[in-house]
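The values are calculated or read from the model by the stated rules, or taken from the named source; none is laboratory data. Computed from a predicted model, the values in this text were never measured in an experiment. Neighbour counts are summed over all protein chains in view; Cβ atoms, including those assigned to glycine, are modelled from backbone coordinates with ideal geometry. Surface areas here come from the heavy atoms of the whole protein model, side chains and all, with no ligands, DNA or RNA. Shrake-Rupley method; radii C 1.70, N 1.55, O 1.52, S 1.80 Å.
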Amino acid sequence: MTQSFRLERGGLINRDKKISFKFNGKNYFGYEGDTLASALIANGVHLIGRSFKYHRPRGFFGAGVDEPYAIVQLYRNGETEPNIKATEQELFEGLEAKSVNCWPSVNFDVGAINNFLKIFLPAGFYYKTFMWPKSFWYKIYEPFIRKAAGLGTASIKHDKERYEHKYEYCDLLITGSGPSGLASAYSAAKNGAKVILAEDKSRFGGTLLTSDVNIGNQSGKEWADSIISELEEMSNVTIKNRSQVFGYYDHNMLVMSERISDHLPKTKKYHPKQRLWYIRAKEVLISSGSIERPIVFGNNDTPGVMLSSAAKEYMKVYGVLVGKKPLVFTNNDSGYETAIEFKKNGVDPIILDTRKEPQSEIIEEAKNMNINIKNSYVVVAAQGYKKVKSADIAKISDDKEELGSVENIKCDCICVSGFWTPTIHLASQSGNKTKFNEEIDAFVPGVSKQNEKTLGAANGIYTLEETLKDSFEKGNRISKEITNNDNKVSFPNVVEKKSTVHDKFWCVPLPKGKNYKRFLDFQNDVAVSDIEIALKEGYRSIEHVKRYTTLGMATDQGKTSNLNGLQLVSKIENKVVPAVGHTTFRPPYSPVSIGAIVGREVGKHSKPTRKSPMHSWHEKNNAVFVDAGVWLRPRYYKRSDENLFEASKREAKNVRTNVGVCDVTTLGKIDIKGPDAAELLNRVYTNAWLKLPVGKARYGVMLREDGIVMDDGTTTRISENHYHMTTTTAQAANVLSHLEYYLQLVWPELNVNVVSTTEQWAGAAIAGPKSREVLKKLFPNSDVTNEGLPFMGYMEGDLFGVKAKIFRISFSGELAYEVNVESDYGYFMWEKIIEVGEEFGIQPYGTEALSTLRIEMGHVAGSELDGRTIPYDNSLEGLISKKKDFIGKRSLSRKAFAAEDRQKIVGVVPLDKKTSIPEGSHLVKDSNAPLPNPKLGYISASCWSVEHDNPFSLAILKDGKNMIGEKLFVMSPLKNKVIPVEIVSSHYVDPKGERVRS
Amino acid sequence: MLHIKCPHCGIRSQNEFSYGGDATIKRPELGKEISDQDWDNFVYNRKSLRGKHWELWQHLSGCRQWIKVQRDTATHEIFKTLKANEEIS
Ligand SMILES: [Zn+2]
C-alpha cells in the first residue's frame, strides 16, 4: 500500500526505516519517527472513531496532547491499553490499534442512530434521559449504554509491565522545551542551578520545529538542537523527553510521568514501562506554550476539520499532507503560515479570513505566493459525513451578524485557526489567580501562590524575540538567587515575521433555516445548543454548566473547548468573559496510566511482609499462612489431606487435652522505663496499677477518650521502674503513638520513656494441661511449679544457655506460658520446645485454633474490640477502677453508655447443634417479620467448639445481660441462612477460670 | 504533598507524618469534676476552621515526636512549627 499523502521529502522522520502496523485489522506502513496519527493520515485514513454521545464520525483534530478525539485501543506485546491518543502514540514495528466507541464497526455504527434521535441526548442527558422508568436502568439502559459508549476497554489481565517511582529535588523545574523552556533552562544552567527540563513529546524544541524563524543565523530547529546538546553535557541538568508534568501540588511538588518504553514494540529487560517522578522544585518555570483554538461553525466535527497548527506540524515534522484541497479558515495570521507551508509543498490552499483588510509581513508573503485569499469570509458548515467533501462558505458583515449568500466549494480538509490559548493548567493547579487578557481573549497566569512563573506563549507572549528575552532574563535572575552566580548569556539575533492583530470572532452564526450542530467540546460532544439549553434551564455558574453539559470534563480538560464555551456563556448572559470565570483545571493535565500511579506497590509489594524468626520452621512443617496486618502467620499446619476445619479442630483439641505451641511473636511489645512508669500505666489502663509487685503481670484494658475500648493486653513489672507491655498485633503501632501523645503533649511532667520492642523478642505460647511438663524440661534449673511461678507470674530463665522471659499468662484459657527470647534465638527456642514437648504430644497450632480456643472461652479480641464497644459491652466492667481517673473514664458516664438495656457480649449456640453460624450475621426475634426486621445484635466471632463438639459463636446483643436462655434467630441475608439459636453465657468453657490457675 | 518542617529533623515530606487534630484543645485535668458540655467539647466538638489553624502532627517515620504546626486549611501554607513543649503564641 502506498502512502498517498506522504510528501516526497521533508519532515523529521527517518525515511530509511519503514515500520508496519495495523489499524482496525488492516495493514499499513509508516516511518520511524511517525506517530500513529501521522502514519494513518499519510495513508489517507481520516476516520478513526465515533464520538462519545452521538456516535458521529471522528477524525484527527490536533497533532499532540491537545487532540480531543483520536483516541484508540492499543495492542502491544500481548497487552491492551485503552484511551491512547493516536497523535501521541509513536509508531513501532507491529503496533496494532482499534477504534473505540463504535459497535459493531467504525464504518457502520448502531449508536449513530443517536445522531438522528437528538431528542434523546440533549444537555444533561446523564441526569434526565435514562432515569425513568426506574426498572429500565439495569435491564435496558445500562447494558446498552455500556456497549455503545465508553472510551475503550481496560485489560482484566495482570499487568506484567514494571512501573517505577522516583523522588527528585531541583532548583528549577522547567515544563516544556519550546523557545521559553530552552532559553530559561540555558541561562539557569549557566548559573550552576540544578535544572530539570521536561518535554512531553519525543522531540525537543516545541514550536521551533515548525516555525519559520532564524535565531543567531540558525533555523529554529538547529538552534534548539544546539542548546539541547550543550545542556546534555552539563552535570547540573537533567533533560527528559516523553515526560509530561501533569500535576502541580502543594508546596511546589510536581508530578511527571515519563514514558520510557511506550514507543517500543516491547519493554527492554529490566526496564520500566513508565516512571513517575515526584519532583520538589525550589522554583518552577512553566513553559508549556499555547494551544490553537477552533472557530465554531456547522458540522465542525467532521473528519478533515482540524487545527491549522496541526496541519502545519504534520507537514513540517512528519512530511504528511492532511489534504490536497485545503481550506484555511482563520481570524489571525497563524492560518497564513499553514497556507504558505501548503503552497511550498505544491498544494494550492484557499484562505478564508474573517478580517476585512488585514495587513502584515506574513500576509504580504502569502499574497506574493499567489495564494487565494478571501477576506470577510467564513465557513458556514462542513459538508460530508465520514470526511469533508466541501464547505459552505459565505461573506460575513462587518458586525459579524449577517451572512451573505451561501456558496459551496470543494475541499478535502478545513484547517481552522481561532487564535491561541495559553496553556495555564499547571499555573492554575498551583493556585495562581489567573486573569483575563483582553488583547488575546484568554486567561493568563496572574498572582502566584507558589514559587512558579510562566514564560512565553503560556504567558500570552506570542513573539519569539520577546519570549526569548524574557526567558533568558528570568532563567538568569531566578537561578542567581539560588546559586549566587551571575553568568550572563549573550542574546542571539532573532529574525521572525511580524504579524498583525487577530479578529475576536469565534462562532459563525447559523444561516437561516439551517440547524447544523456546532461543537464546542469535541471529546464530550457538547454543542452550542447544549449550552443554550443548560442556561435556559437555569444553570448559571460555569461550574454547574460544566457538570450539566460535560463541557471541558474528562481527559480533555477543556484544552480546545474551554474558551469558546466561556465566550458562549458570556454572550448569552451578556457578561464579559472574566465575569463568567473559568472552571477549575484539575490534574492530570493529560491521562496517566494507573500502573504509573501505583508504581511498584502491587501484589506482595503493596505492603511490607513481616515474618517471625520461626517462619522457616513453619514453612518446613506445612504451615498454611494468613495475612495478619503486615505479618504472615501460620493459620494451621496441614497434615496429609486435612482441610482448614479438620486441622484447626485437631490443633485446638490437642491444646485442651495435651499441649500446643503457638508463634506469638507478632504481638505488639512496648518497653516502658522510668520512675513514673506505674503512674503512666495507671492513667492509661482502666484498672489499678500502682501496687503491681515486681515479677507480676496484669491484664489491662485501655480506652480512647470517648470511652470506646482501644486495646487490651498484659503488662509485666520486670523491675522497679521497668515494665513490659503487650498489645494486640493490630493495634501495636497505634498504642505506641497513643502513649507518646500523652507523654509528650499532655503529661510531659511524667518521667517515662517508651519504645517498641516488638521485633526484638520472639514469642512462643505453650498452652495445655501438660504445658508445665514442657516448661520443666525447657528450664530444668527454674522453679516453675504452681507456687514457684503462679498464674500471672513472671520470671527469667535459662533456656539451654539462652536468656528467656517466662510469663504465666493465657489466651487459650488453659494452663499456659509465654516464653520470649531475643529474636535471633527464636528459631532455636522453637526447635527446643518441639523437641522436649514431643513426649507430651506437643503440636504447633495456628491462628485458626487460637481463635477457636479464645472464642469458646469468651475471651474478647479484635472482632469484639472493634472500635464500637465500651468495657461493659465486653463484660470487662470489672476492670473499671472506681477510685482513680484514667483516659476515657468521664465518657463512660454518658447516658447511652449507662443505659439499662445496653448491648453486651453473649454466647450463641444453634438449636440443632450442627449448623455453623456465619460471622457478621444478625440476631432477630422473628425470622418472618417484615423488612426492615429489627436487629438485636450481631455475631462477632464463630468457631466449632472442640470442648462441646458443636458450633459456638460470640455476639454483641442488645440487653445481653437479660437474654441468657432466650431463643432467637440468626439471619444472614448474604449467605441466605436463617438459624434458630439459643443465647448462652459467653464463657462456654471453664466459666470459673480454674484451668489457668491449676 | 506538604513539606513540613519538623523542629527536630528539618524539612520532611508529609508521608513521614501522621495528622493528630486540633493543637489548641487542652485535655481536662485528671480527677477534676467536669460538666457534660465541657467534656463533649473536649472529646467531640471541633471548629473545622477555614484559614490559619494550629494542629498536631506526629513525625511517625522520623523522630516520633508530636509537633505543633500552624497551617492554613484552605491554602495549605505552613507558617510555623513548634516542639510539643513549646507554647502556641
Ligand atoms: Zn522529626
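Just to confirm my filter: which helices (runs of 4 or more DSSP H) fall fully inside region A:539-644 and include at least 1 residues that are over 30 Å from A:Val416 (Cβ atoms) and touching a residue at least 12 places away in the same chain (Cβ under 8 Å)?
On the way: elements: A:542-549, A:562-573, A:577-580, A:594-598, A:615-620.
The qualifying helices (runs of 4 or more DSSP H) are A:594-598, A:615-620.
Taking the condition aliphatic (A, V, I, L, M), open to solvent by 10 Å² or more (accessible area, probe 1.4 Å) and at pLDDT 95 or above, does A:Ile363 pass?
So A:Ile363 does not fit the description; no.
Suppose we keep only residues that are farther than 13 Å from B:Gln58 by Cα and at the interface with chain B (Cβ under 8 Å from one of its Cβ atoms) within region A:730-750. Which one would you say is surrounded by the fewest Cβ atoms within 10 Å (Cβ to Cβ)?
The extreme case among them is A:Pro748.
I'd like to check something: does region A:430-441 contain any residue that is among the hydrophobic types (A, V, I, L, M, F, W, C), over 16 Å from A:Arg355 (Cβ atoms) and assigned by TED's automatic domain parsing to the domain that holds A:Ser376? Walk me through how you get there before you give the answer.
To start, the set of residues in region A:430-441 that are among the hydrophobic types (A, V, I, L, M, F, W, C) comprises A:436, A:440.
Applying the additional criterion that residues be over 16 Å from A:Arg355 (Cβ atoms) yields A:436.
Keeping just the survivors that are assigned by TED's automatic domain parsing to the domain that holds A:Ser376 gives none.
Scanning region A:430-441 turns up no residue that is among the hydrophobic types (A, V, I, L, M, F, W, C), over 16 Å from A:Arg355 (Cβ atoms) and assigned by TED's automatic domain parsing to the domain that holds A:Ser376.
Give region A:394-427 a look and list any residue that's closer than 22 Å to A:Lys324 by Cα and free of Cβ contacts under 8 Å to residues at least 60 places away in the same chain, or say none.
Result: A:Glu407, A:Asn408.
Residues B:Leu30, B:Leu82, B:Leu56: which one is closer than 28 Å to A:Asn753 by Cβ, crowded, with 17+ Cβ neighbours inside 10 Å and among the hydrophobic types (A, V, I, L, M, F, W, C)? Give the steps one after another, and end with the answer.
Working: B:Leu30 fails: crowded, with 17+ Cβ neighbours inside 10 Å; B:Leu82 fails: crowded, with 17+ Cβ neighbours inside 10 Å.
Only one candidate qualifies: B:Leu56.
Which of (1) in a helix (DSSP H, G or I); (2) touching a Ser or Thr at 6+ places or on another chain (Cβ under 6 Å) does A:Lys480 not meet, given it meets every other one?
The number of the failed condition is (2).
Looking for whichever is on the phi < 0 side of the Ramachandran plot and open to solvent by 30 Å² or more (accessible area, probe 1.4 Å) here; the options are A:Ile880, A:Ile905, A:Ile809. Which one fits? Walk me through how you get there before you give the answer.
Values: A:Ile905 fails: open to solvent by 30 Å² or more (accessible area, probe 1.4 Å); A:Ile809 fails: open to solvent by 30 Å² or more (accessible area, probe 1.4 Å).
Matching residue, one of A:Ile880, A:Ile905, A:Ile809: A:Ile880.
Is it true that A:Val755 is in a strand (DSSP E or B) and either within 14 Å of chain B (Cβ to nearest Cβ) or surrounded by fewer than 22 Cβ atoms within 10 Å (Cβ to Cβ) (or both)?
Working: in a strand (DSSP E or B): yes; either within 14 Å of chain B (Cβ to nearest Cβ) or surrounded by fewer than 22 Cβ atoms within 10 Å (Cβ to Cβ) (or both): yes.
In short, yes.
Which pairs have Cβ atoms under 8 Å, sit 6 or more apart or on different chains, and link a residue in region B:1-15 that is without any contact (Cβ under 8 Å) to a residue 60 or more places away in the chain to one that is near the ligand (Cβ under 8 Å from one of its atoms)?
Listed by first residue and then by second, the contacts come to B:Cys9/B:His59; B:Cys9/B:Gly62; B:Cys9/B:Cys63; B:Arg12/B:Cys6; B:Arg12/B:His59; B:Arg12/B:Gly62.
Does A:Gly707 satisfy the criteria of being outside the structural domain of A:Trp617 (by TED's automatic domain parsing), on the phi > 0 side of the Ramachandran plot and open to solvent by 10 Å² or more (accessible area, probe 1.4 Å)? Full working, then the answer.
Details: outside the structural domain of A:Trp617 (by TED's automatic domain parsing): yes; on the phi > 0 side of the Ramachandran plot: yes; open to solvent by 10 Å² or more (accessible area, probe 1.4 Å): no.
Answer is no for this residue.
Mind checking whether some residue in region A:699-706 is within 14 Å of another protein chain (Cβ to nearest Cβ), in contact (Cβ under 8 Å) with a residue 40 or more places away in the chain, within 21 Å of B:Gln65 (Cβ to Cβ) and not charged (D, E, K, R)?
Looking for residues that are within 14 Å of another protein chain (Cβ to nearest Cβ), in contact (Cβ under 8 Å) with a residue 40 or more places away in the chain, within 21 Å of B:Gln65 (Cβ to Cβ) and not charged (D, E, K, R), one finds none in region A:699-706, hence no.
Restricting to region B:15-54, give me the number of residues that are modelled with pLDDT of 95 or more, within 16 Å of the ligand (Cβ to nearest atom) and either within 25 Å of A:Ala896 (Cα to Cα) or not hydrophobic (A, V, I, L, M, F, W, C) (or both).
Qualifying residue count for the region: 4.
I'd like the full set of residues that are outside any strand (DSSP E or B), more than 14 Å from every other protein chain (Cβ to nearest Cβ) and within 18 Å of A:Leu876 (Cβ to Cβ), limited to region A:707-729.
Taking region A:707-729 as the starting set, the residues that turn out to be outside any strand (DSSP E or B) are A:707-708, A:720-721, A:728-729.
Checking which are more than 14 Å from every other protein chain (Cβ to nearest Cβ) leaves us with A:720-721, A:728-729.
Once the filter is applied, which keeps residues that are outside any strand (DSSP E or B), more than 14 Å from every other protein chain (Cβ to nearest Cβ) and within 18 Å of A:Leu876 (Cβ to Cβ), region A:707-729 yields only A:Thr728.
Across region B:10-21, which residue is farthest from A:Ser891 (Cα to Cα) among those that are more than 10 Å from chain A (Cβ to nearest Cβ) and surrounded by 14 or more Cβ atoms within 10 Å (Cβ to Cβ)?
B:Arg12
Can we say A:Phe342 is within 18 Å of A:Val296 (Cα to Cα) and more than 14 Å from chain B (Cβ to nearest Cβ)?
Working: within 18 Å of A:Val296 (Cα to Cα): no; more than 14 Å from chain B (Cβ to nearest Cβ): yes.
Considered against the rule, which asks whether it is within 18 Å of A:Val296 (Cα to Cα) and more than 14 Å from chain B (Cβ to nearest Cβ), A:Phe342 comes out as no.
Quick one: A:Pro918 ticks every box in (1) farther than 17 Å from A:Glu966 by Cα; (2) open to solvent by 50 Å² or more (accessible area, probe 1.4 Å) except a single one, so which number is it?
(2)
Please find, within region A:863-883, the residue that is farthest from the other protein chains (Cβ to nearest Cβ) out of those that are more than 17 Å from A:Leu954 (Cα to Cα) and assigned to a loop (DSSP other than H, G, I, E, B).
Only one residue tops the list, namely A:Ile880.
Condition first: among the aliphatic types (A, V, I, L, M), within 8 Å of chain A (Cβ to nearest Cβ) and within 12 Å of the chain's Cα centre (by Cα). Now tell me which residues in region B:34-77 satisfy that. I'd like the intermediate steps shown before the answer.
Taking region B:34-77 first, the residues among the aliphatic types (A, V, I, L, M) are B:34, B:43, B:49, B:56, B:60, B:67, B:69, B:74.
After this cut, where a residue has to be within 8 Å of chain A (Cβ to nearest Cβ) as well, the list is B:34, B:43, B:56, B:60.
Of everything in region B:34-77, just one residue is among the aliphatic types (A, V, I, L, M), within 8 Å of chain A (Cβ to nearest Cβ) and within 12 Å of the chain's Cα centre (by Cα), namely B:Leu56.
Could you tell me whether region A:884-893 includes any residue that is outside any loop (DSSP other than H, G, I, E, B), among the aromatic types (Phe, Trp, Tyr), under 45 Å from the mean Cα position of the chain (by Cα) and farther than 20 Å from A:Val996 by Cβ? Lay out the reasoning, then the answer.
Pass one, region A:884-893, residues outside any loop (DSSP other than H, G, I, E, B): A:889-893.
When the remaining residues are screened for being among the aromatic types (Phe, Trp, Tyr), the result is none.
No, region A:884-893 contains no residue that is outside any loop (DSSP other than H, G, I, E, B), among the aromatic types (Phe, Trp, Tyr), under 45 Å from the mean Cα position of the chain (by Cα) and farther than 20 Å from A:Val996 by Cβ.
Considering only region A:282-387, give the helices (runs of 4 or more DSSP H) lying wholly within it that have at least 3 residues that are more than 30 Å from A:Ala189 (Cβ to Cβ), outside the structural domain of A:Gly64 (by TED's automatic domain parsing) and of a type in the set (D, E, K, R). Write out each step before concluding.
Working: elements: A:308-318, A:334-344, A:361-368.
Those helices (runs of 4 or more DSSP H) span A:334-344, A:361-368.
Tally time: how many residues in region A:262-281 are more than 18 Å from A:Ala198 (Cα to Cα) and either within 14 Å of chain B (Cβ to nearest Cβ) or surrounded by fewer than 20 Cβ atoms within 10 Å (Cβ to Cβ) (or both)? Lay out the reasoning, then the answer.
We begin by selecting, within region A:262-281, every residue more than 18 Å from A:Ala198 (Cα to Cα); these are A:264-272.
From what's left, either within 14 Å of chain B (Cβ to nearest Cβ) or surrounded by fewer than 20 Cβ atoms within 10 Å (Cβ to Cβ) (or both): A:264-271.
Total satisfying the criteria: 8.
So, of the residues in region A:970-998 that are open to solvent by 60 Å² or more (accessible area, probe 1.4 Å) and of a type in the set (A, V, I, L, M, F, W, C), which turns out to be farthest from A:Ser875 (Cα to Cα)?
Going through the qualifying residues, I end up with A:Leu974.
So B:Arg12 ticks every box in (1) out of contact with any Asp or Glu (no Cβ under 6 Å at 6 or more places or on another chain); (2) more than 13 Å from the ligand (Cβ to nearest atom); (3) within 27 Å of A:Ser430 (Cα to Cα) but one. Which box is left unticked?
For B:Arg12, the exception is condition (2).
Which residues, counting only those in region B:78-87, are away from chain A (no Cβ under 12 Å) and of a type in the set (Val, Ile, Thr)?
B:Thr81, the sole residue that qualifies.
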